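The values are calculated or read from the model by the stated rules, or taken from the named source; none is laboratory data. This structure is a prediction, so every number in the text was calculated from the model and none was measured. Cβ atoms come from the backbone with ideal geometry, glycine included; neighbour counts cover every protein chain shown. The protein model used for the area step is the full one, side chains on, heavy atoms only, and it has no ligands, DNA or RNA in it. Shrake-Rupley method; radii C 1.70, N 1.55, O 1.52, S 1.80 Å.
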Amino acid sequence: VIAKVTYQEKYENTALLFVCEKDDTSPDAYSQTRATTEQDIALAEVFVEALEGPQLDALVADEMLVRTGYRYCDAKMNVEIVSDTSLVSIEIVGTDRYDVEAYMESVLEVYPDLCQDFLKVADIVIVGTPTGVMLQADNTNVIILIATVTAIIVEIIASLTANIVG
């Protein structure tokens, strides 16, 4: 059995944002200790939809041009709400560590402009600063081990079958 395994390094960077309803009467509008309400969760859902839309893509492309000299890269963004809260996790994954870093910086730079249109009633603050670009775990050895064990099992079954038939 011959198995071909290819590996390409992947880098990731994550940030955490807190979404809450604006409270102009409170000097601490960004309080992270306040309870997450259904209204805040609904605002977070709208924020996620806005981050996944074409308007953010255009804003990020313009910002990437300023930061890197090109508008697009192979990095991809994944946005999701942390279960039953108004915390939004942004993860950028790509094959070039500098593109991943520039992409995250671009997203964090332009999301307030996006919110001007979508979320005028929300306060959004970065509570988990970007982790910095990290190399994702390499699972190539696991793949090779699984392929080897599978090949051995197939060989044993083939030998037993040949002995029984013969």
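Points to keep in mind about this one:
- Within the stretch 55-76, tally of residues that are farther than 30 Å from ASP40 by Cβ and either touching an Asp or Glu at 6+ places or on another chain (Cβ under 8 Å) or part of a loop (DSSP other than H, G, I, E, B) (or both): 8
- Matching residues, the stretch 82-104, being under 21 Å from CYS115 (Cα atoms) and aromatic (Phe, Trp, Tyr): TYR103
- Filtering VAL79, VAL93, VAL88 for residues that are without any contact (Cβ under 8 Å) to a residue 40 or more places away in the chain and part of a strand (DSSP E or B) leaves a single hit, VAL79.
- Residues satisfying the stated conditions in the stretch 82-94, i.e. farther than 19 Å from ASP57 by Cα and surrounded by fewer than 17 Cβ atoms within 10 Å (Cβ to Cβ): VAL82, SER83, ASP84, THR85
- Filter pass, THR85 being within 14 Å of LEU17 (Cβ to Cβ) and among the hydroxyl-bearing types (Ser, Thr, Tyr): yes
- Scan of the stretch 112-144 for residues that are at pLDDT 65 or above, open to solvent by 20 Å² or more (accessible area, probe 1.4 Å) and assigned to a helix (DSSP H, G or I), ordered by number: PRO112, ASP113, GLN116, ASP117, PHE118
- The set of residues in the stretch 63-81 being surrounded by 15 or more Cβ atoms within 10 Å (Cβ to Cβ) and more than 17 Å from LEU119 (Cβ to Cβ) consists of GLU63, MET64, ARG67, THR68, CYS73, ALA75, MET77.
- Being touching a helix residue (DSSP H, G or I) at 6+ places or on another chain (Cβ under 8 Å) and modelled with pLDDT of 75 or more holds for only one residue in ILE157, ILE153, ILE90, and it is ILE90.
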